[in-house]
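Undergrad: Could you have a look at this structure, given as structure tokens, before my questions?
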Amino acid sequence: MTDKLIIFDTTLRDGEQSPGASMTKDEKLRIARQLERLRVDVIEAGFAASSNGDFEAVQAIAHAIKDSTICSLSRANDRDIARAAEALKGANSARIHTFIATSALHMEKKLRMTPEEVLEQAKQSVRFARNLVGDIEFSPEDGYRSDPDFLCRVIEAVIAEGATTINVPDTVGYAIPELYGNFIKNLRERIPNSDKAIWSVHCHNDLGMAVANSLAGVKIGGARQVECTINGLGERAGNCSLEEVVMAIKTRRDYFNLDLNIDTRHIVAASRMVSQTTGFVVQPNKAVVGANAFAHASGIHQDGVLKARDTYEIMRAEDVGWSANKIVLGKLSGRNAFKQRLQELGVSLESESEINTAFTRFKELADRKSEIFDEDILALVSDESVTLEKEQFGFVSLFQQSETGESPRARIVFTVDGKEVHSESEGNGPVDASLKAIESHVQSGAEMVLYSVNAISGSTESQGEVTVRLQNSGRVVNGVGSDPDIVVASAKAYLSALNKLQSKADRVAAQG
Ligand code: KIV
Ligand code: ZN
């Protein structure tokens, strides 16, 4: 007999809490579609009460996604819960996830509430939520650092009020695998009605143990839901990474003996999409989705793999979506071939006009670059100009000049609310000159806190993918741009970051 392990993805909620990772409604919708293709069981689409933007994103995802349960986070108060229920209306399957902190530190210093008040609020909130939606998850925030006796009282009470999933967060990433596993096991053994709920793990990665802790929560603690994010995205050091936890359960089925719904062939596309949307680059040696994850550089390894693959490979690259033949299309490829490749990559563009825009851009790219790789296509479709979103700033063209001993100059044309603007500047290098030319017109005053260039597909022929992180008035945003010319990619990334800075985002922090 095997049990099923529920995969609860929180890329769009906890992942989005990383500085600069905030996403637009359309970006979230695109990622939600990819998560549905991955066959994720539950998608935490956002925190509906945090902002109008998040409310609309949860609402749009609840309408569009049919095969996964859609969840909204909500603090433990009636207003947040009602807002979550409202956003989830129309979902095929909806869940409200409500939380309140239970550690002595959080209750005293953050909430300024007594344990008895927290207990009452937790009960009242679950009761209220249960009248709106049947599927209720409750999280005692900072649960792992909470007093076990108090936690038992809270959890027993919320199960009695109708909570169907109990999630035990290691909010600050303090746990150690064996201790966390036993913590959950003890709670389950001590709480008389613990069998009336599914138990869930939610681990942060501050000590690099989020995946190990989650797996211990499953194996030792008996949890049957794991909360995770694509690429381990999340605040500070991030969350438990979906691709790692899923491949661990699948590859070591002999040990875990658990079934999963996940279609792992969509993992790499999901990873690329999240990285390109948020500007959080995946490190090359990242397990499963890093560019080197299946590359064998040493002669001994290469020799072994050629003789028998399983000498050094415990998973097959194609099982997680790395395609064997990566050169896919070229200059002569037609619209149908392009459309089919998009489908094979698991990308669905919303409308014919989006496909047409993407195809035009594909043709432009194919004129400049003879071989088009999957990564190029994914970069192209994640570019915001394909989805026809109305953005304040748009790239038009760039001329730049640099020569040894001369000061580099750039002349750029871009649009501001649809009107063309011409601007030029000198700089320390061509990238600096181009960004200064933009800034001299826009005068955003933003501080650049990160600039990184990454080759999308390995060689100098590759497109460059640039991430620019800007900070202004306490807000941090990431912009991403790609182009075979890295100066152009940089200008696109800068404009994309400016667009994000302009967008209104008066959001309430989930754990604030
Ligand atoms: O880390 C945490 O405690 C959370 C809760 C809101 C579940 O993200
Ligand atoms: Zn969290």
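Undergrad: Out of 238, 222, 279, 217, I need the residue that is crowded, with 21+ Cβ neighbours inside 10 Å and more than 16 Å from ligand 1 (Cβ to nearest atom). Which one?
TA: Testing whether each residue is crowded, with 21+ Cβ neighbours inside 10 Å and more than 16 Å from ligand 1 (Cβ to nearest atom) leaves just 279.
Undergrad: Identify all residues within region 1-35 that are of a type in the set (Asp, Glu), more than 16 Å from ligand 1 (Cβ to nearest atom) and crowded, with 20+ Cβ neighbours inside 10 Å; write none if there are none.
TA: 27
Undergrad: Follow-up. Do we find that residue 371 is in contact (Cβ under 8 Å) with a residue 12 or more places away in the chain, under 27 Å from residue 321 (Cβ atoms) and open to solvent by 60 Å² or more (accessible area, probe 1.4 Å) in this structure?
TA: So residue 371 passes the test.
Undergrad: Take residue 152 and decide whether it is within 16 Å of ligand 2 (Cβ to nearest atom) and in the same structural domain as residue 234 (by TED's automatic domain parsing).
TA: Spelling it out, it is not the case that residue 152 is within 16 Å of ligand 2 (Cβ to nearest atom) and in the same structural domain as residue 234 (by TED's automatic domain parsing).
Undergrad: Just for strands (runs of 3 or more DSSP E) wholly inside region 426-512: which have at least 2 residues that are β-branched (Val, Ile, Thr) and modelled with pLDDT under 90?
TA: Once the strands (runs of 3 or more DSSP E) in region 426-512 are filtered for at least 2 residues that are β-branched (Val, Ile, Thr) and modelled with pLDDT under 90, what remains is 475-483.
Undergrad: Scan region 241-276 residue by residue and report those that are part of a loop (DSSP other than H, G, I, E, B) and open to solvent by 40 Å² or more (accessible area, probe 1.4 Å).
TA: Once the filter is applied, which keeps residues that are part of a loop (DSSP other than H, G, I, E, B) and open to solvent by 40 Å² or more (accessible area, probe 1.4 Å), region 241-276 yields 252, 257, 260, 261.
Undergrad: Before we move on, is residue 39 assigned to a loop (DSSP other than H, G, I, E, B) and within 16 Å of ligand 2 (Cβ to nearest atom)?
TA: no
Undergrad: For region 134-152, name all the residues that are more than 21 Å from residue 186 (Cα to Cα) and open to solvent by less than 20 Å² (accessible area, probe 1.4 Å).
TA: Selection gives 136 alone.
Undergrad: Here's something else I'd like to know. Only one of 56, 44 is within 15 Å of ligand 1 (Cβ to nearest atom) and either within 24 Å of residue 503 (Cα to Cα) or aliphatic (A, V, I, L, M) (or both); which?
TA: Criteria check complete, one pass: 44.
Undergrad: Select from region 86-104 the residues that are within 16 Å of ligand 2 (Cβ to nearest atom) and in contact with a helix residue (DSSP H, G or I) (Cβ under 7 Å, 6 or more places away or on another chain) and list them in ascending order.
TA: 98, 100, 101, 102, 103
Undergrad: Can you report the number of residues in region 1-28 which are free of Cβ contacts under 8 Å to residues at least 60 places away in the same chain, away from ligand 2 (no atom under 16 Å from the Cβ) and of a type in the set (A, V, I, L, M, F, W, C)?
TA: So the answer is 1.
Undergrad: The conditions are (1) within 16 Å of ligand 2 (Cβ to nearest atom); (2) buried (at least 18 other Cβ atoms within 10 Å of the Cβ), and residue 187 fails exactly one of them. Which is it?
TA: Of the numbered conditions (1) within 16 Å of ligand 2 (Cβ to nearest atom); (2) buried (at least 18 other Cβ atoms within 10 Å of the Cβ), the odd one out for residue 187 is (1).
Undergrad: In addition: In this structure, is residue 272 outside the structural domain of residue 469 (by TED's automatic domain parsing) and under 22 Å from residue 19 (Cβ atoms)?
TA: yes
Undergrad: For residue 71, which of the numbered conditions (1) within 16 Å of ligand 2 (Cβ to nearest atom); (2) in a helix (DSSP H, G or I) fails to hold?
TA: (2)
The values are calculated or read from the model by the stated rules, or taken from the named source; none is laboratory data. The structure displayed is predicted, hence computed values, not measured ones. Every residue, glycine as well, gets a Cβ built from its backbone with ideal geometry; the counts of neighbours run over all protein chains shown. The protein model used for the area step is the full one, side chains on, heavy atoms only, and it has no ligands, DNA or RNA in it. Shrake-Rupley method; radii C 1.70, N 1.55, O 1.52, S 1.80 Å.
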